[in-house]
1. Among the residues of the stretch 370-384, write down those that are charged (D, E, K, R) and without any contact (Cβ under 8 Å) to a residue 12 or more places away in the chain.
2. Hey, any hits in the stretch 125-142 for a residue that's among the small types (Gly, Ala, Ser), in contact with a helix residue (DSSP H, G or I) (Cβ under 7 Å, 6 or more places away or on another chain) and surrounded by 18 or more Cβ atoms within 10 Å (Cβ to Cβ)?
3. Under 6 Å by Cβ, and 6 or more places apart or on different chains, what pairs join a residue from the stretch 21-50 that is over 24 Å from LEU245 (Cβ atoms) and at pLDDT 95 or above with one that is among the charged types (D, E, K, R) and in a helix (DSSP H, G or I)?
4. Tell me which residues, restricted to the stretch 336-379, are hydrophobic (A, V, I, L, M, F, W, C), touching a Lys or Arg at 6+ places or on another chain (Cβ under 8 Å) and part of a strand (DSSP E or B).
5. Could you tell me whether any residue of the stretch 41-56 is assigned by TED's automatic domain parsing to the domain that holds GLY118, part of a strand (DSSP E or B), surrounded by 14 or more Cβ atoms within 10 Å (Cβ to Cβ) and not aliphatic (A, V, I, L, M)?
6. Do we have any residue at all in the stretch 57-65 that's surrounded by fewer than 23 Cβ atoms within 10 Å (Cβ to Cβ), touching a helix residue (DSSP H, G or I) at 6+ places or on another chain (Cβ under 7 Å) and not in a loop (DSSP other than H, G, I, E, B)?
7. Can you tell me which residue is modelled with the highest pLDDT among those in the stretch 313-358 that are over 20 Å from MET213 (Cα atoms) and among the acidic types (Asp, Glu)?
8. List the helices (runs of 4 or more DSSP H) that sit entirely inside the stretch 84-171 and contain at least 2 residues that are basic (Lys, Arg) and more than 30 Å from PRO383 (Cβ to Cβ).
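The values are calculated or read from the model by the stated rules, or taken from the named source; none is laboratory data. This structure is a prediction, so every number in the text was calculated from the model and none was measured. Neighbour counts run over all protein chains shown; Cβ positions are idealised from the backbone, glycine included.
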Amino acid sequence: MTAAIAPEHLALQRLYHWEKSAPERRVFTQPLGGGVLRTMNWRELMDETRRMAAHLQSYGFAPGSRIAILSKNCAHWLMSDWAIWMAGHVSVPLYPTLAADTIRQILQHSEAKLLFVGKLDGWEAMKPGVPAGLPCIAYPLAPPTDYPGWDEIVKRTPPLQGEPLRDGDELSTIMYTSGTTGSPKGVMHSFATFAWSIQAGLKRVPIDTNSRMLSYLPLAHVAERTLVEHGLLATGMEVFFAESLDTFTADLQRARPTVFFSVPRLWVKFQQGVFAKMPPAKLERLLKIPLLRGIVKKKILGALGLDQCRFAAGGAAPMPPELLGWYARLGLPIIEVYGMTENCGVSHATVPGVQRPGTVGLPYEGVGSRLDPANGEIQVKSPGLMLGYYKEEALTRQTFTPDGWLHTGDKGSLESDGYLRITGRVKDLFKTSKGKYVAPAPIEDRLVMHASVEACVVTGANLGQPVGIVMLNAEAAQQARDAARRTAMEATLAEHLAAVNAPLDPHEQLDCLVVVSTPWTVDNGFITPTFKVRRNRIEEVYAPRYEGWVAARRKVIWELG
């Protein structure tokens, strides 16, 4: 299915449109640290973008050369992306949490000719991954380096003139997926696939020129790239950037976004923050009092910075029904979205005003969706599908069916009205020693809801019953070092295990919970840069201990390291 898109919807055309039609309109609010902010309008940001594009052209790289970006979200991330396109090249975004070996692998595989280095934590550990001799440019917020700086380059470089254009079918970016198994794969997207995808998305998502968004999820991830970058280009909305994790609440309150997307875990943490100030039972009582209900809702949403939010969404994992209900009672119904890098993140979403917990809704207009009758795999087709995996023709062929549908790898089922329910991963199913198959994902979605749990895995191939392995969050791990607190936490975990097991079929019920305090990080290979647990790494490290855990015949087992 080819992306048929009018040229005026393509990225560079949109840039020139806003440059000409709204030069003084504010676009970016960028924290510089210490409470200092910089705002930029279209005229200012396009001046810098044009100057950087001219500088990139001065290197004489062949058209379509790959230029990489390694940075947290900031205004310069987007300006450098646009400069790369204006200069005739292809951008390669890298997650700002990658280990040095992965950075080197991606830079070499993509044959990157230059690297932009920006806001980063742990740069010293990442720097060995940058090949010797690779030209680099440092953003203003980058760690100290001896690389040429963005500001000095744009100061001395005349702006690129005219309106260089790129054809819709041209390669615009290679996005390396983190992947829960194997090496990262370079997903290739054209200017047209992104342009079609944001146009399809805007038929569901209420973004317009007056909208505000906070950019904080990695721009190297397809959700942020489509919704924020291409949403901005399509609508001219205003984008605020987050400064740090410590300032996130203040960043959110400053932006007061009208559209806010997050992963379920953050929605849970918001809820836990509210409960820390007001017990759930008291809050529920107040919400039932007509005279107080509106005041309480306004106060809570105002404290979160979400009192102006008109469209709230969650993705990457299912939202627990009780969590959806809680936010709905606050007057903030959350839309569930489903997509992947290979289709620009635009596949399915629930419909505003119609919450259907446990489903990811209906396909976007123009998206085809079907289930493989053999194994229940969800397959999709749209003009937003990737061009393929970079340098991986065989893998690309395997990822598409003979008639052009994308294998998602997700298992699903359809409700009678067409709403899609995701039931797990095709390859994640495992069989117990009793010959029964277990789909771990739905169990994990409930298991991770405990306030002390940061991440979890349900595993146990060839065991009599599956087991749950949970990693504590930093605060809980600290508390677990104290014997009395650990005893209290164990009681709540045992209660949680019983609640998780209650609705499960007998063969799915967890034998025990194993609590680990050793962090699962990108560096040690336990998680991907998008915080998905790598199951093969879990098996490699913990499988030898499975039999011992089961033999202990305890509901909660501590592996505190």
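1. ASP372
2. Among the residues of the stretch 125-142, at least one is among the small types (Gly, Ala, Ser), in contact with a helix residue (DSSP H, G or I) (Cβ under 7 Å, 6 or more places away or on another chain) and surrounded by 18 or more Cβ atoms within 10 Å (Cβ to Cβ), which makes the answer yes.
3. Every condition considered, the pairs that remain are PRO23/ARG43; TRP42/GLU19; MET46/GLU19.
4. Correct list: ALA349, VAL351, ILE378.
5. yes
6. No, there is no match, as no residue in the stretch 57-65 is surrounded by fewer than 23 Cβ atoms within 10 Å (Cβ to Cβ), touching a helix residue (DSSP H, G or I) at 6+ places or on another chain (Cβ under 7 Å) and not in a loop (DSSP other than H, G, I, E, B).
7. Per the criteria, the residue is GLU342.
8. Helices (runs of 4 or more DSSP H) meeting the threshold: 150-156.
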